[in-house]
Structures are given as C-alpha cells and as structure tokens.
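Each remark here refers to the structure printed beneath this line.
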Amino acid sequence: MKLKKLIMMLALAIVLTACANQNSGDETEAPATETTEAPATEETTQPETTEKEPAATTVEAPEFEGTAIELRRGYAAPHGEQAFSSIGVVLEGDKILDASIDEYQFGDPNEMDAVPNSDKDFGQGYADGVVLYSKLDNDDDYSARMTESGKATRSLSDNYEAIEDFVKNKTIGEVKATVEASEAGKPVDAVSGATLVDTVGYLEAIIDTAENGFISQGAYDPNNSESVELERELSAPHGTRSFADIFVAEQGDTIVAASIDEFQFMEGEPVPNSDKKFGEGFADAKTPLISKLQNDAAYSTVMKNSGNATKTLGEGYKAIEHFVVGKTEEEIMEVVNASTPGETVDAVSSSTLVDTSNYLKSIAEVD
C-alpha cells in the first residue's frame, strides 16, 4: 500500500508543477573537525522516456574479460546531522581495491559552488538562501572553515584520502576490526593522516557500503601492475531537474566498472539526515531530496505510466554500466559522437533511455 500510494503521488507530480522557495535554512553546521586536540515543490521531472522495445525485467552482466569485481554505492550520515555521504567501494570478493568519499550539504550560494542544475529547475527544491554543494568540489573553502572553527591542520580532502588509502587492499573484516578497536568521536591511530574526529563514522560507512550497497559489476586484470583507481564526477545528463553522481573505476586507461545514480527533489524515500538538520534545506518537506536508484521501483512505475517505458531506470543504468566495462574514454566518446542526442544508442542495446549518450559522455568525462 505504501508503494502504491507513493506511485500515485509521483504520477500526480508528473502533471503538476509548482514553485515554492520558503522555510529558510541557513547552514549552521560546524565543518568536519579534527582533534588538534579536541522537485521543485510538487514535481521535479518528466521521467526518462523510452522507445518501445520488448519488455525486459533484468539486465544480466555479460561475460567480462578478467577477474570479476563489484563497484558498490551507498549513502550514510557519518558526520553530524547536516550532511549525507556518497560512498563508493570497489571489491574483489571481500577485498577492498579502492574507495571514494564525498558529502553533500546545504550552504550559502555566495560562498559555495553548487551542484549541477542548481540554477535551473533542480534549484527550485532549495529553501531560501541555500544551495546544495559537494564538499569535495568546495574543498578549499570548506577546509578553510575547518581551520577557522576547529584549528584543523589538514584539508578535508586529505582526510578523505587518508581513510580511502587505509582501506585499500584490506578485507572488510580487517576494517571492521579497526573500528571495533577504536572509539567513536576520536581520530583513529591506525589511520595515518586522518585527524577527523568522525573517522570511525566514515569507516563504518565504507563497511556498510561494501556489504549492502547497490552493486555494479565489472572486471579487472589482477596481473596488471597498475592498481584500480576509483574516481567520481557530478554532471547533468538528464534534463534540468536532477543531477548525477557518477563513479568510474579505472585500471590504467581502461574502465573496469561504473556506477550511475541521480538526485532529485520529489516524493520518495529521502537521503540520510533528511529528517534532521539537512532537511531544513528543502523548500518543502513533502518533496525531499531522493536517490533515483534507491526509489527505482516507484520511479520506474511512473516512467512506465507516463512514458510507456518498457524497462526500469535501474535496468537502463545497468546496461550503460555494463557497456563501458573494458573500454577507454576515447572508445566511449566514439560511440557518443556517432549517436543522436535525445535518441537511444544502438550500441547499448539493453538501454532504452533516450539520454543514454549523455550518461555515456558523463562517464567518459570522469577524471
């Protein structure tokens, strides 16, 4: 019944459009600290439409060349109540090959560079006087605030990197053992270079993502001397009412795994901390910030009802993710350049999303 109600509300949202920028929510959260001691209102988007093709319910991973890996994605609240994290983890079995951390928070538009589409329809979901920003993309400014308010000695990105480096080539069990031997709210001695008091929280978020995150399949060459590197980028591949959070794992010049998700203001299961301080940044609590991947069932039902979609959004993402495995950025851009914007891409036969070429371009541009 809950899903049915959500679907009905989403379907209504497709028809209605309204704007409301109210309930001001200035950012007040202190930046991440070290110890030196101590849609728019109603609807937000017309869902992706598809060309009519035979119905499909699953997208099976092809037989990739190399050793199988997984790129997992998850969302958590490792630091306070005014931000949420986007975590990526690359796994071979239970061994972590690489990880990536970023966090999203609301802040002053005059001080922070906002996420894509903030100056377009997506921005209608903001309360007055704030924009959503990536902490990594605002590392200099955010780290300066850390220094001013908490006497931080290292930048936020340096701290993220220290945590990411620590988990590399460790098993999930080994990271768990470190957490169990550490005290929450204090730096972790074992994680050299990380002085954040919430280091344990970030490690726990990585563990949870590795065990429970959304899965994208891939493959790499364990005999290659080049390690797997996980990169990320923000983009706007589909319209003006959402933005994409893209992960790409590369070994040398070859993409070995990719993961796509998009964030949007609309009815649905919200991102972490939406019921806390982070939620004060919404123009309307009834249309919180959601992950499309996390709301795939309801979102895809609206796609089907409004655009005659024959596949789910998640299946469209998967088809694109599978297509790029084993290819270089140049090879992907050849496909993009040979495609017609706004139409499906023949080379990616399992994806019926009309913006497939834009998603491919977003993946190719990650660095």
In the structure displayed, which of K286/K318; K135/K186; K135/K327; K170/K327 lie more than 25 Å apart, Cα to Cα? K286/K318; K135/K327; K170/K327
Sort 204-211, 117-124 by packing, meaning the average of other beta carbons within 10 Å per residue, with the highest value first. 204-211, 117-124
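Using only the alpha carbon atoms of the range 135-249, find the Kirkwood hydrodynamic radius as the inverse mean reciprocal pair distance, in angstroms to one decimal.
16.3
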Residue by residue through the range 191-200, which ³J(HN,Hα) values in whole Hz follow from phi under the Karplus form 6.51 cos²θ - 1.76 cosθ + 1.60 (θ = phi - 60°), with glycine and proline marked x? 9, 4, x, 9, 10, 5, 5, 9, 4, 4
Rounded accessible area per residue of the range 296-354, 1.4 Å, Å²: 41
Around S227, what is the net charge, scoring Lys/Arg as +1 and Asp/Glu as -1 over all other residues with Cβ under 9 Å from its Cβ? -2
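Which whole-number percent of Cα pairs in the range 187-227 have a distance greater than 16 Å?
Percentage above 16 Å: 58.
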At a 1.4 Å probe, what is the % contribution of carbon and sulfur to the accessible area of the range 100-244? 41
Using the alpha carbon gyration tensor of the range 61-192, what are the three equivalent-ellipsoid semi-axes (square root of 5 times each eigenvalue), largest first, in whole Å? 30, 22, 12
³J(HN,Hα), Karplus 6.51/-1.76/1.60, whole Hz, each residue of the range 171-187, x for Gly, Pro: 7, 4, x, 5, 5, 4, 4, 5, 4, 5, 8, 10, 10, 4, x, 9, x
Rounding to the nearest 20 debye, state how big the charge dipole of the range 86-165 is about its Cα centre with +1 on each Lys and Arg Cβ and -1 on each Asp and Glu Cβ. 200
Multiply the residue separation of S306 and K95 by 0.36 nm, subtract the distance between their alpha-carbon atoms, and state the gained length in nm to one decimal. 71.7 nm
So for each of 65-74, 217-226, 294-303 I average, over its residues, the number of other beta carbons within 10 Å; can you give me the resulting order with the highest mean first? 294-303, 65-74, 217-226
Cross-link pairs K120/K277; K276/K361; K151/K361 - those with Cα-Cα distance over 32 Å: K276/K361; K151/K361
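The values are calculated or read from the model by the stated rules, or taken from the named source; none is laboratory data. These numbers were taken from a predicted model, which means no experiment stands behind them. Virtual Cβ from ideal backbone geometry, glycine too; neighbours counted across all protein chains shown. Remember, those area values only see protein heavy atoms, side chains included, never the ligands or the DNA or RNA. Shrake-Rupley method; radii C 1.70, N 1.55, O 1.52, S 1.80 Å.
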